[in-house]
């Protein structure tokens, strides 16, 4: 077979392109130079500074509170939505699908400004609670899509059999649906959690005084702060995400 | 009896997400249009009554330039992403077993970093004291006063970097389902390499290509953080103007007016594609769920 080398060359170039900034960032987090143009010696000073940065730890706390609560609620709502979308082929579900699907494609800034207008219009004070509501809103769609994907090879006759044998709905949900769907629900939850932790644009629009999340803190550091501190913070985040994904991947393989 | 309990179950399952998204997604989106016609008040909210003042002030002379820049940067980003992603998707789909897993992982891993951190990494790289400028200076490709940062070029570069995986994944997903024997058949029948690629492979993955275009073009139109961090005044897009109206002069009706415009700009390609998809193939989800 005659095959061109060009696609391979492009692929190698793209992978280099993907890793260059990440690599430079990690290296610079150990660089004594402030802007990393030249190597001025190995240092852990930036990590030490980071460790004593109280505002960062406060924002990490806020981020985790929001991520955990938003994931919990969006998993419930997203999973029921996926069940409805998979089980019923009605007019209602066509609109339902559209409503779930659209938030995935529209730019984040539009969801951010829309929610800000809504909260201002009904007089909800901006803060952690409004960020939580916003995060649940976009997480529902992602959870629903992931669970819906897993439902494609789910056999509903099991549920019908249980219902025919006299089980009530809560029993069916608790004893059959949730155990069988758990791989889909867990990957949906992981996705929601990651997206919530990383969200900047929507959070920035609906945040109020005292509700600074980690991405909002990072943004203000980029705008006004010290670059090496962000390098160090990013490297830690990279290691944490890497470990989290590794663990969840292992967990997922065991499930299957 | 059975039918009515079925209907009740359907509502029971649909109501939570339906209500949540109607109130916290659809209603806020409609509010964007409504508040465009509200006068602002001095506390950063909006006053009662209706006005056309915002709509008139949107005809400001500097807006057309920014709107034009937003559109051409988004189109350019999409074109570059598709041109780079198609060979990559092709290579990943043609590789076997372990290699395919490794390549996919190589594409995804850098994007486990935070979105802001990735943009920041480019700011550091492109900075006058950063690695790229120093390397280019050493090779005498640029002079000391060339700026790699704060122009449309740096915005384009970082947008391509950020959106490229969203083009690669759907193209790969479509290419993985493509029957490569068709390409071999075309070549056996005398088509040369490029011909068989363009006339057999590309039409074979058109669904993936369209998804890729949407996944890049629509978020690109709404870019705000990328031009904000690496763009500077000469790289501003509509998103920056919306944010300035919200965070700098707190004029929510004005921000709404710009957002309403952006919403319409986003809905046009979305509906176009939906209509096209409906015509080509009936009611199949646009996104590959396993991508």
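None of the figures in this text is laboratory data; all of them are computed from the coordinates on show. Since this is a predicted model, take the numbers as computed values, not measurements. Neighbour counts run over all protein chains shown; Cβ positions are idealised from the backbone, glycine included.
Against chain A, whose longest principal axis comes from its Cα atoms, helix A:108-122 is set at around 70 degrees. Based on Cα atoms of segment B:20-83, Rg over Rh with Rh as the Kirkwood radius reads 1.14. The mean number of partner chain beta-carbon atoms within 10 angstrom of a residue's beta-carbon across peptide A:20-31 is 5.
As a size descriptor, the averaged projected area of the C-alpha convex hull of segment A:119-256 was calculated at 11.7 nm².
Across every pair of non-identical alpha carbons in segment A:1-66, the mean reciprocal distance, once inverted, gives a Kirkwood radius of 15.4 Å. Using alpha carbons only, how many degrees (0 to 90, rounded to 10) separate the axis of helix A:54-87 from the longest principal axis of chain A? Between the helix axis and the principal axis of chain A, the angle is about 30 degrees.
Taken over segment A:70-144, the convex hull of the Cα atoms encloses 90 Å³ per residue. Report note on the peptides B:59-68, B:226-235, A:85-94: ranked by the mean count of other C-beta atoms within 10 Å, highest first, their order is B:226-235, A:85-94, B:59-68. Determine, at each q value in 0.08, 0.10, 0.17 (inverse angstroms), the log₁₀ of I(q)/I(0) that the Debye formula gives when each Cα of segment B:36-280 is one equal point scatterer. Here log10 of I(q) over I(0) equals -0.43, -0.64, -1.25.
One Cα centroid belongs to segment B:6-32, the other to segment A:11-83; the line between them spans 34 Å. Relative to the longest principal axis of the Cα atoms of chain A, helix A:214-224 runs at roughly 30 degrees. Using alpha carbons only, the radius of gyration of segment B:106-218 set against its Kirkwood radius gives Rg/Rh = 1.14. Remark: chain A projects, on average over all directions, an area of 20.7 nm² (convex hull of Cα atoms).
The reciprocal of the average 1/r between distinct C-alpha atoms defines the Kirkwood hydrodynamic radius, which for the protein assembly as shown equals 25.3 Å. Centre-to-centre, using Cα atoms only, segment B:147-180 and segment B:181-253 are separated by 7 Å. From the Kirkwood radius over Cα pairs of segment A:1-139, Stokes-Einstein at 25 °C and 0.890 mPa s returns a whole-number translational diffusion coefficient of 121 µm²/s. When B:245, B:250, B:279 are arranged by Cβ crowding within 10 Å, least crowded first, meaning fewest neighbours, the order is B:279, B:250, B:245.
The equivalent ellipsoid of segment B:163-277 has semi-axes of 41, 15, 10 Å, largest first, where each one is the square root of 5 times an eigenvalue of the Cα gyration tensor.
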